[in-house]
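Have a look at the structure below before the remarks.
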Amino acid sequence: VGGYSWWVAGIHEWTGVGSYVKARVEQLAGLGYVAFAADIYGKGVRPVKPEDCGREMSRYKDDRALLRARATAALDRLTADEHVDKTKLAVIGYCFGGLTALEVARSGADIRAAVSFHGALDAPRRDEGKNIKAVYAHNDDMALGAIQAIEEAGIKPGTDLIVVSIDGVKGAF
């Protein structure tokens, strides 16, 4: 398997693992990557109404230790696969998944990149940004101030950082 061993072709947005994330996993697998969709919420937890989605997402956004524990368990599951090159790991996520990708980067996990599409960029503790080695953040009109938020997260000087802003794009595209 060539290229990066991608974990995840979208850690799911606030609705949980669904057809969009599954399609992205299949797309990356079709390109030759080892792709894995982490289910942070757990089996069968698929909120639909915005208030239910917000409540479920907040459970993890407000408890970053729990979020990291779930994300770390998923990363451990991926790296246990014999096809995964542990030196070429990346994390990608949309919305809630973007927040999760950044939390994995902040944790100091041995990953090559964290990609956050429309992810919440806040960091509960400024000093955790020092663990981030590289990040790509997509800034849409619902995540204004991405560069400032990332800088405020305490990312160390010399970190590779790319921010893309596309006017008028809504969350999770």
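Quick test for you: out of 72, 100, pick the one residue that is in contact (Cβ under 8 Å) with a residue 24 or more places away in the chain, among the polar types (S, T, N, Q) and in contact with a strand residue (DSSP E or B) (Cβ under 8 Å, 6 or more places away or on another chain).
100
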Subset of the range 12-45, residues hydroxyl-bearing (Ser, Thr, Tyr), more than 15 Å from the chain's Cα centre (by Cα) and in a loop (DSSP other than H, G, I, E, B), comes to 33
With the requirement that a residue be aliphatic (A, V, I, L, M), buried (at least 24 other Cβ atoms within 10 Å of the Cβ) and touching a Ser or Thr at 6+ places or on another chain (Cβ under 6 Å), what does the range 69-110 give you?
71, 101, 102
Taking the range 41-68 as the region of interest, how many residues are surrounded by 14 or more Cβ atoms within 10 Å (Cβ to Cβ) and under 20 Å from residue 110 (Cβ atoms)?
3
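FYI, it's all coordinate maths here, none of it is from the lab. In this text the structure is predicted, and so the values were computed from the model without any measurement. Cβ: placed from backbone, ideal geometry, glycine included. Neighbour counts: every protein chain shown.
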